[in-house]
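Before any comments, here is the structure.
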C-alpha cells in the first residue's frame, strides 16, 4: 500500500518535464511538505510558493522557524548573505539540467563572523543517477558545488519528480572537518 501511494503521489507531483537526459526548473506545489534528517541535523520544509527563480519554503529545524529561499532549486538561503552568494552564480545556465552543464562565478559575501569573503565557485551537473533515501528511490541529477582552493563540496541530488533535492551533502559549518548529509525521509503531498 505504501509503495502504491508513493507511486501515485509521485505521478501526481511531477511539476516539470523530465527525462533521463534533462530536467526543467520548477518549484514544488504549494503545501508540499519535505522532511529531512541527518546525523545531527534535520527539519521540515513546506513549500509556500515561488519568487522569481527562488522556491520558497517555511522551514522548521530544531524548534526554529524561518523562511528558506532555494535559488533555482539548488542553493538555499535564509538571509541576505545567502541571497548574495546565490545571486553571484549564474545558476540559470545549468537549466534545463543536463549532465555536463557547468557555471563558474566569483561571489563576495559577509560571513557569520562579519568579515567579507570572496570565492570563485563552480557548479557542475556531474551525473544522472538513482538515489535511495528513506523516502524512496528517485531518479536525480547530482549537482556539485566547489570553491576554488578547497576540497570541500556541496552536493545536491535534485529529483525532477518532486522538483526538490532528495539528498544533500555539505561541510559542517560548526566543524569543517565533518560533513553533514541530509536525506529526505518523507514527502507529504499538498492538501487539495
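The values are calculated or read from the model by the stated rules, or taken from the named source; none is laboratory data. As the structure is a computational prediction, the values presented were derived from the model and not from experiment. Methodologically, a virtual Cβ is constructed for each residue, glycine included, from the backbone with ideal geometry; neighbour enumeration extends over all protein chains shown.
Condition check ((1) at pLDDT 95 or above; (2) over 24 Å from residue 45 (Cα atoms); (3) touching a strand residue (DSSP E or B) at 6+ places or on another chain (Cβ under 8 Å)) across all residues:
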| residue | (1), (2), (3) |
| --- | --- |
| 98 | yes, yes, yes |
| 103 | yes, yes, yes |
| 108 | no, yes, yes |
| 135 | yes, no, yes |
| 172 | no, no, yes |
| 175 | no, yes, no |
Neighbours by Cβ (under 7 Å, 6+ apart or cross-chain): first from the stretch 146-166, on the phi > 0 side of the Ramachandran plot and surrounded by 18 or more Cβ atoms within 10 Å (Cβ to Cβ); second modelled with pLDDT of 90 or more and not in a strand (DSSP E or B): 163/26; 163/27; 163/28; 163/73
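Given the criteria within 16 Å of the chain's Cα centre (by Cα) and closer than 22 Å to residue 37 by Cβ, does residue 128 qualify? Break it down into steps so the answer makes sense when it comes.
On the way: within 16 Å of the chain's Cα centre (by Cα): yes; closer than 22 Å to residue 37 by Cβ: no.
Against the criterion (within 16 Å of the chain's Cα centre (by Cα) and closer than 22 Å to residue 37 by Cβ), residue 128 does not qualify.
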Failed item in (1) assigned to a strand (DSSP E or B); (2) under 20 Å from residue 32 (Cα atoms), with residue 73 passing the rest: (1)
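Within the stretch 142-169, count every residue that is assigned to a strand (DSSP E or B) and under 15 Å from residue 70 (Cα atoms). Outline the logic, then answer.
First pass over the stretch 142-169, keeping only residues assigned to a strand (DSSP E or B): 142-147, 153-159, 164-169.
Narrowing further to those that are under 15 Å from residue 70 (Cα atoms): 143, 145, 154-159, 164-168.
The qualifying residues number 13.
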Hits in the stretch 29-49 (condition: surrounded by fewer than 14 Cβ atoms within 10 Å (Cβ to Cβ) and at pLDDT 90 or above): 30, 49
Of all residues making up the stretch 102-139, the number that are part of a strand (DSSP E or B) and in contact (Cβ under 8 Å) with a residue 60 or more places away in the chain: 3
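Only residues that are more than 26 Å from residue 169 (Cβ to Cβ) and either in a loop (DSSP other than H, G, I, E, B) or modelled with pLDDT of 75 or more (or both): list them for the stretch 1-28, please.
Initially, the stretch 1-28 is screened for residues more than 26 Å from residue 169 (Cβ to Cβ), giving 1-5, 7-8, 11-12, 17.
Of everything in the stretch 1-28, those that are more than 26 Å from residue 169 (Cβ to Cβ) and either in a loop (DSSP other than H, G, I, E, B) or modelled with pLDDT of 75 or more (or both) turn out to be 1, 17.
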Hits in the stretch 84-101 (condition: in a loop (DSSP other than H, G, I, E, B) and touching a residue at least 40 places away in the same chain (Cβ under 8 Å)): 95, 96, 99
Per-region count, the stretch 46-56, residues free of Cβ contacts under 8 Å to residues at least 40 places away in the same chain and in a strand (DSSP E or B): 7
